[in-house]
1. May I have the convex hull volume per residue, in Å³, for the Cα set of the stretch 260-365?
2. Let me know the charge dipole size of the stretch 213-299 about its Cα centre in debye, to the nearest 20, where only the beta-carbon of Lys, Arg (+1) and Asp, Glu (-1) is charged.
3. Springs between alpha-carbon pairs under 10 angstrom, Gaussian network model over the chain: which of 98, 229, 267 fluctuates most?
4. To the nearest 10 degrees, how steep is helix 2-11 against the longest Cα principal axis of the chain, on a 0 to 90 scale?
5. In the chain, what percent of the accessible surface is made up of carbon and sulfur (1.4 Å probe, ligands and nucleic acids excluded)?
6. Run the quick spin-label model on residue 177 and residue 3: label points 7 Å from Cα toward the beta carbon, then report their separation in nm to one decimal.
7. Given a cut-off of under 8 Å on Cα pairs at least six residues apart, what relative contact order in percent is computed for the stretch 272-345?
8. Please give the calculated 222 nm ellipticity per residue for the chain, where each DSSP H segment of at least 4 residues contributes -39500 (n - 2.57) and the sum is spread over every residue; nearest 500 deg cm²/dmol?
Amino acid sequence: MMERALELAAQARLLAPPNPAVGCVLVSASGQIIGEGHTQATGQAHAEVMALRDAAARGHAVRGASAYVTLEPCAHQGRTGPCCEALIAAGVARVVASLVDPNPRVAGQGLARLRAAGVQVEVGPGEQAARELNLGFFSRMVRASPWVRMKLAASLDGTSALTNGQSQWITSAQARADGHAWRARACAVLTGIGTVLADDPRLDVRDVDTPRQPVRVVVDSALQTPPLSRILQGAGPVWIYTATQSSGREAALIARGAHITHLPEASGKVDLRAMLADLARREINEVHVEAGSKLSGSLMRAGLVDELLIYLAPQLLGPGQPMIALPELQALTQATALQFIGCDPIGPDLRLRARLQGRQFWAGQ
């Protein structure tokens, strides 16, 4: 039953942010599934309420049933009412939850209310899969920072562009479509001014169907984004982080729909750590980075990247631009330690996923 709830939760992955993707299955005392549901778009019903509505539409009584849900039912009045109270009012006898909600406004209170109302509660089944579905939500709640996934594309010998800057296209159309699918699951797609000036990208989701467009974020320390850039013409909002005060340039960008935030650090660049904290305050769960080697290197050197999504093309290009601009090391022990979590063929290319070691320190909280 929990496996089915997890399948439902996965269906909400593109729809739910900034809320967690949650699935719920209602099961009668005889073991029959009588209702199912998953989280809807922001401001709409959560998984538990959708499952209760489904049971009612099927003509099933819920009293005495068990609810399998992939995250603790919420206990607070937010954009919607508390789900734990909806389950109690419906007469559910048992709730099996994969995880305690890390949101401080919930954090066990939903389960406590259920127990106080005489509902039997069990926590744990499906824990790892449920957490994986909502890495960004857990990261934002526990670390006050989004989960940062960096997408890279290169030849087999690690060249992301030729010395003259040519890079379109090293990888295949299938890899690019797969990259759009990863954009779609993120709350924000982040790039740097170098990429905006060199490639004039839109960075919205086009190659896959999506119920929402992620925010486009530009790191632009000197506020050089041209007002006619394609990134300001695509779907979804654009947030520009800068270290420069320029009323004229700001006004031109704001007129094109951009939101400008000043976050300078002492060096005159954008404070990247403060930027991520600001994105978390704005309910950004996952950040999908598609940037040049300089900004990618800055994020890596600052320890702000959690996961790498790398597409490798079966070709050798020789000297050129690296995927990430990193400083020269003096010893192998100084290497950034990674752990592979996936290796899959995507068309003619290979997709590698790797996480920085230690990035699961908050997983059990």
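The values are calculated or read from the model by the stated rules, or taken from the named source; none is laboratory data. This one's a predicted model, so the numbers in the text were calculated from it and none came from an experiment. All Cβ positions, glycine included, derive from the backbone under ideal geometry; neighbour counts span all protein chains shown. Heavy atoms of the whole protein, side chains included, go into the accessibility calculation; ligands, DNA and RNA do not. Shrake-Rupley method; radii C 1.70, N 1.55, O 1.52, S 1.80 Å.
1. So the per-residue Cα hull volume is 180 Å³.
2. Its charge dipole is roughly 180 debye.
3. The residue that fluctuates most here is 267.
4. 40 degrees
5. Values: 8300 of 15990 Å².
Answer for the chain: carbon and sulfur cover 52 percent of the accessible area.
6. 2.9 nm
7. 35 percent
8. -8000 deg cm²/dmol
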